[in-house]
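*Asks:* I'd like to ask some things about the structure below.
Taken together, the values in this text are just the output of simple stated rules run on the coordinates, not laboratory data. Values in this document were obtained by computation on a predicted structure and should not be read as measured data. When we count neighbours, we look across all protein chains shown, and the Cβ atoms used for this are built from the backbone with ideal geometry, even at glycine.
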Amino acid sequence: MGTVKEAKLEQLEMKREAYQLIINGQRMDSSSGETFTTYNPATGEPVATIAKASKEDAEKAVEAARHAFDKGKWKLFPLNKRARTLNKIASIMRSRFNELVELEILDTGKSLSAAQGQVMQAIEDFEFYAGAIVGHRGAVNNVPGQFQNITEKEPVGVCAQIIPWNYPLMMAAWKVAPAIAVGCSVVVKPATLTPLTAIVLGEICIEAGVPEGVVNVIPGAGSEVGNYLVEHPNVDKVAFTGSTPIGKDIMAKASQTLKRVTLELGGKSPSLVFNDADIDAAVDGSLFGIFYNTGQSCEARSRLYVHEDIYESFMEKFVEKAKKLSLGNPFAKETHIGAIINKGQLDVIDGYVQSAKEEGATIALGGKVANVEGYENGFWYEPTIITGVNHDMKVVKEEIFGPVVVVMPFSDEKEAIRLANDSEYGLGSAIWTTDYARATRVSKQIQAGIVMVNCPFSAFPGTPFGGYKQSGFGRELCIETLDLYTETKSIVSYFGNRPLNPFGV
Ligand code: NAD
């Protein structure tokens, strides 16, 4: 078996031809017998056939999860036993690292280095929550003498976890790990474009000893299966990562049964480069900030604001370095930029770029569908830098979800903050400055869940990830996430010498 580094697209060894649903600890076909095919965005070729979950399958999965939660022993396991199981999941994932990387590349068209980093982070997420759960606990609260009040953290119940296509395994790990760590049961609904690694994760959970029904994986259409889960009275919580319009729909529907909801939604994240910044570091970090994962990242720094004093020198370097980014074989370690997920998204990206041209913007680099030798049937877009923009333009206001960045100059700190906050989104943000006081001052004024100071990375296991404003609410990847999968129970007790008689009758 070759390593992924050596693998070529035509030399695949670890992928299976067909994948099934996972319900109640069993692999199974869908009740309708229907299947669907996923396609490799880099080549347009089919990858695998997958059982297509229907409402009947969603019902079975919810029943299995409900039964596991209400009657099963997972939530009653001592914490250290659940922690050990999470570590076992991580260790099996490590032993299947190359397979997971390969599947992620085939399903998404992302580059090897991106896939490797994300699979590794997914593994580390399970390790993080294996540790975090041991310290997660309630409290003893201050109450008048002779009373006692303790709070306990109890698992919220059955959780529907709806996953997007851009980080299929990592997003599944962000959700499954904390939920099962606290004792919940989950029904995972991966995106139909990219279901493979979530299915394998479900299989790994079972192999690691997670009892039947605790982790169910049902790839199917969002409008059918996703919606069914959101409306289901036996689902207690919905954790959703995806676009803002679908997030709003989910929130409205989940309100009918008052489900707990966490929403990780879209973004249009700003990056501010001040005139005292280390320009080279800012250039490199800004390249990564937008072009990592082919710009298909919720926290992609897609709005770049550069102080007017350094605008020209910054742009010269930024454009020159962007020209050096290579597109091509996603399995090659020298490839920086992978494919776009599908033709529909490619058209959306190009539509935004065309709209910018029509509105009078300047295309400083790229701006068209890329022709990548050997990958003519795949979906590729040139790294694109747009200047001459203003805040009325669609490319500045809306999430493009592709390798497209808009750049504007600013004249002072106040203006930079105003521009950064002039968005309905509030997920990521970046500040490039060597002035510590400025970094602190600006960080506090930015309306975003994440501020990266002189840093291109937004998340490690343990760092809270989530948005302000229309980027959603709730935080993943951190200790606080455990609270979002638990209810707090307050137990008030009386230990006085005499019985209480509050009415005095
Ligand atoms: P999407 O909203 O189209 O789909 C996300 C998931 O929701 C998929 O599994 C889909 O099948 C399902 N779905 C669709 N309609 C549904 C419905 N009516 N009811 C229930 N489920 C439904 O998003 P996408 O195109 O897969 O992903 C891209 C979006 O995700 C971008 O907006 C991106 O910013 C966002 N995203 C956010 C984060 C974050 O942490 N904030 C992370 C990754 C992606």
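*Asks:* Which value, to two decimals, describes the C-alpha radius of gyration of the chain once divided by 2.2 N^0.38 Å? Display every interim value, and only then the final one.
*Replies:* Details: Rg = 24.1 Å, N = 505, 2.2 N^0.38 = 23.4 Å.
So the chain has a normalised radius of gyration of 1.03.
*Asks:* Now for a separate question. Shape verdict for segment 1-130, please, from the Cα gyration tensor: rounded (a/c under 1.5), prolate (a/b greater than b/c) or oblate. Don't jump to the answer; show the numbers that get you there.
*Replies:* Numbers: a/c = 2.78, a/b = 1.25, b/c = 2.22.
It comes out oblate by the Cα gyration axes.
*Asks:* Using only the Cα atoms of segment 411-454, what are the Rg and Dmax in Å?
*Replies:* 9.8, 29
*Asks:* Lys/Arg Cβ at +1, Asp/Glu Cβ at -1, dipole of the chain taken about the Cα centre: which of T197, F495, L229 is farthest positive-ward?
*Replies:* The residue sitting most towards the positive pole is F495.
*Asks:* Treating only the Cβ of Lys, Arg, Asp and Glu as charged (+1, +1, -1, -1), what charge dipole size does the chain show about its Cα centre? Round to the nearest 20 debye. Mind dumping the intermediate values first?
*Replies:* Numbers: 50 positive and 60 negative charges, 376 e Å.
Approximately 1800 debye in magnitude.
*Asks:* List the lysines whose Cα sits under 27 Å from the Cα of K333, skipping any in the same chain fewer than 8 residues away.
*Replies:* K5, K8, K15, K110, K317, K321, K323, K324, K343, K368
*Asks:* Still on this structure, please answer the following. Run lengths n ≥ 4 of DSSP H only: what is the helix-derived mean residue ellipticity at 222 nm for the chain, with -39500 (n - 2.57) per run over all residues, to the nearest 500? Walk me through the numbers on the way to the answer.
*Replies:* Values: 15 runs with 184 residues, N = 505.
Value at 222 nm, helices only: -11500 deg cm²/dmol.
*Asks:* How many angstrom lie between the Cα centre of segment 427-465 and the Cα centre of segment 15-39?
*Replies:* 42 Å
*Asks:* In segment 270-453, what % of DSSP beta bridges are antiparallel (nearest 5)?
*Replies:* Working: 4 of 22 bridges.
Taking every DSSP beta bridge within segment 270-453, about 20 percent pair in antiparallel fashion.
*Asks:* What's the center-to-center distance, using Cα atoms, between segment 120-166 and segment 326-345 in Å?
*Replies:* 38 Å
*Asks:* Looking at the square roots a ≥ b ≥ c of the eigenvalues of the Cα gyration tensor of segment 123-179, which shape do they give, rounded for a/c under 1.5, prolate if a/b is larger than b/c, or oblate?
*Replies:* Numbers: a/c = 4.72, a/b = 2.54, b/c = 1.86.
In terms of gyration-tensor shape, prolate.
*Asks:* For segment 169-282, report the convex hull volume of the alpha-carbon atoms normalised per residue, in Å³, without decimals. Before the final figure, lay out each step's value.
*Replies:* On the way: hull volume 18.4 nm³, N = 114.
Convex hull of Cα atoms, per residue: 161 Å³.
*Asks:* For labels at K397 and D347 in the simple 7 Å Cα→Cβ model, what's the distance in nm?
*Replies:* About 2.3 nm separates the two model spin labels.
*Asks:* Classify segment 270-453 as rounded, prolate or oblate, taking a ≥ b ≥ c as the square roots of the eigenvalues of its Cα gyration tensor: rounded when a/c is under 1.5, otherwise prolate if a/b is larger than b/c and oblate if not. Don't skip to the end; give the middle numbers.
*Replies:* Working: a/c = 1.83, a/b = 1.58, b/c = 1.16.
Because a/c hits 1.5 or more and a/b exceeds b/c, segment 270-453 counts as prolate.
*Asks:* Continuing with the same structure: When all alpha-carbon pairs of segment 288-370 are counted, what percent fall beyond 21 Å? Show your work: numbers first, answer last.
*Replies:* Numbers: 1237 of 3403 pairs.
Taking all Cα-Cα pairs of segment 288-370, the fraction more than 21 Å apart is 36 percent.
*Asks:* Tell me the Kirkwood radius of segment 339-398: reciprocal of the mean inverse pair distance over distinct alpha-carbon atoms, in Å.
*Replies:* 12.1 Å
*Asks:* Considering only DSSP beta bridges where both residues belong to segment 360-505, give the percentage that are antiparallel (nearest 5).
*Replies:* Numbers: 7 of 12 bridges.
Once the DSSP bridges in segment 360-505 are tallied, antiparallel ones form about 60 percent.
*Asks:* Whole number please: convex hull volume per residue of the Cα set in segment 412-505, in Å³? Working shown, then result.
*Replies:* On the way: hull volume 20.1 nm³, N = 94.
Measuring per residue, one finds 214 Å³ for the Cα hull of segment 412-505.
*Asks:* Right, next: Which residues in segment 463-502 place their backbone N less than 16 Å from a point set 7 Å from the Cα of V143 along the Cα-to-Cβ direction?
*Replies:* Only 488-502 pass the distance filter.
*Asks:* State the Cα centre-to-centre distance between segment 94-112 and segment 474-505 in whole Å.
*Replies:* 45 Å
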